[in-house]
Every structure is written in structure tokens, then in C-alpha cells.
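Quick notes on the structure that follows.
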Amino acid sequence: MLSKKKTLLAFERMKKMYPDARGELNAETPFQYLIAVILSAQATDVSVNKATPGLFALYPTPRALARADENLVREKIKTIGLYKTKTKNIMRTAQAVETEFNGEIPETIKELMTLPGVGQKTANVVAGDVFNVPAIAVDTHVERVSKRLRICPKKASVKEVEEALMNKIPEDEWVLAHHTIILFGRYHCTARSPKCENCPLLDLCLEGEQILKKINQ
Ligand code: SF4
């Protein structure tokens, strides 16, 4: 397993590659950011950013979205994967924010997770990015990179990946780590063709060595 010291070294090198790492979803208010994050589950940020300007122009607030026509909302986000379920979730979330939280999105991970369609990952992203709550959201990129680098065991659950990262990275860097590792996984250590041959982390990465051996066989 990669030690804490080497995990920090790997993180430092990722930070050099992506010095301005932050979320790539567009939104003008905390509520809109919450909706964008819900919509991004199992969909690309690019597809969400294409659909949300039209959605937010019509329904910019929890109140407006809570009272929207469901068919119109569905039409606005139909280019995003799982749009039918997501239509219901974002409308129910808007209703809950309106009625249970007085129109303001809640600040704690626990409260955020009471909203429809908001699981641990979405709650961590929103709490971290909007309210600076220390949290590491584990998405597919964070999970893959953490496992390839052996920051956690290959068979670790999402919760175990999160715990391993939280143990090895200082709390005040959790939010940055989340965004940095996502960019590293999205553009460099990709699922199908990781760029191991010119990876600044190769000397720290057991899986990278194995991948290169296979390529050179
Ligand atoms: Fe990913 Fe390859 Fe770099 Fe390892 S060496 S972190 S597998 S790109």
C-alpha cells in the first residue's frame, strides 16, 4: 500500500499538473450548483453544462423549480443521462429546499443527504465546494486513481477509498484533493488508456509499471 508520505508526494505531483483544480460545473448560486451536481451523476460535466443554462433561465430558484411543469423540466434536461429520474429528483429537491429549509440549501452533509437524489458523493461535493466543509467525494475517477496508486486496496469500497484518502491527506486539502484527482483521472490516468509512459507518478505507481510491462511484451 502507498504510504502516507508517498501519497502526499503523488498528490503534490498531481497539483503541479493541475494547479488550478476546481469543479467544472457551471452555476451562479449554491442552489444551481446543487442541481448541477445532482444532474452530473453518471453523466459528463460537459453534457450538464450544455443543458443547465436553459434550465436555470426558466427555473433559477428552488421556488421556481418546485412549481415547474414536469414535462418542461424533462424537456430541458433530456440530453443528460437518466433524465427522467433526475427530473423527479431535482423537482423534489427544490420542493424540499423550499419547504424544509426555507429556500436555502442546507450546509451540513447530513442535512444535504436528506434531499431526494443526494447521496454521499453529491453531499460531499456541495458541502465542500459551497460551504468549505472538509470532505472528499469519491467518484469514478477518484476511485480508479486511488486504487491504481494503491492509496487503498484494489477491492476497497467507496467508503474505504474515502477513508484511506482522509487518513493520508491533511483535512484542509480534502476539497482540493477531490478536484485535483478528478482532473488527473479524467485527462491523464484515464480508464482505458492511462498515459503511464509519461506519467510523473510512475515511480510511485505499481499498476503503472504493470501496465507498461504488458504494453512492451
Ligand atoms: Fe495512472 Fe499510469 Fe500514472 Fe499509474 S503510472 S498513476 S496508472 S497514468
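Residues in the stretch 151-217 average 58 Å² of solvent-accessible surface per residue, probe 1.4 Å, ligands and nucleic acids excluded. Here the Kirkwood formula puts the hydrodynamic radius of the chain at 18.3 Å, using every distinct Cα pair.
Using a probe radius of 1.4 angstrom, the carbon and sulfur fraction of the accessible surface of the stretch 90-161 is 51%.
Which of V175, G54, L82 sits closest to the plus end of the dipole of the chain, meaning its Cα is farthest towards the positive end, when Lys and Arg get +1 and Asp and Glu get -1 on the C-beta? Working it through, the farthest residue towards the positive pole turns out to be L82. My understanding is that a pair violates if its Cα-Cα distance is over 19 Å; which of K110/K159; K50/K121; K50/K86; K50/K76 do that in this structure? Pairs exceeding the cut-off: K50/K121.
Rolled with a 1.4 Å probe across the full set of protein chains, the surface gives L82 an accessible area near 100 Å².
Report note on the peptides 66-74, 131-139: ranked by the mean count of other C-beta atoms within 10 Å, highest first, their order is 131-139, 66-74. The stretch 144-217 gives an Rg/Rh value of 0.98, both radii derived from C-alpha positions and Rh following Kirkwood.
Each of A64, S40, T108 was placed along the dipole of the stretch 30-131 (beta-carbon charges, centred on the mean Cα), and the one lying farthest toward the positive end is S40.
Within the shell of other residues whose beta carbon sits under 15 angstrom from the beta carbon of N102, the net charge comes to -4, with Lys and Arg scored +1 and Asp and Glu -1. Round to a whole angstrom and tell me the spacing of the C-alpha centers of the stretch 3-59 and the stretch 146-198. Spelled out, the Cα-based centre of one part sits 15 Å from the other. The charge dipole of the chain, taken about its Cα centre with unit charges on the Cβ atoms of Lys, Arg (+1), Asp and Glu (-1) only, comes to about 980 debye. In the stretch 82-195, taking the dipole from charged Cβ atoms about the Cα centre, the farthest positive-side position among V161, V118, A137 is held by V161. The local environment of V161, defined by Cβ-Cβ distances under 14 Å, has a net charge of +4 under the rule Lys, Arg +1 and Asp, Glu -1.
Converting phi to 3J(HN,Hα) with the Karplus coefficients 6.51, -1.76 and 1.60 and the offset θ = phi - 60°, the stretch 209-214 yields 4, 5, 4, 5, 4, 4 Hz in sequence order, with x at every glycine or proline. In the distance distribution for the stretch 30-131, Cα-Cα pairs more than 17 Å apart total 44 percent. Within the full protein context, the accessible area of T29 is estimated at about 50 Å² for a probe radius of 1.4 Å.
In the assembled protein chains, R186 presents an accessible area of approximately 70 Å² (probe radius 1.4 Å).
The values are calculated or read from the model by the stated rules, or taken from the named source; none is laboratory data. In this text the structure is predicted, and so the values were computed from the model without any measurement. Backbone-built Cβ (ideal geometry, glycine too); neighbour counts: all protein chains shown. When the accessible area is computed, the model is the full protein with side chains, heavy atoms only, and any ligands, DNA or RNA have been set aside. Shrake-Rupley method; radii C 1.70, N 1.55, O 1.52, S 1.80 Å.
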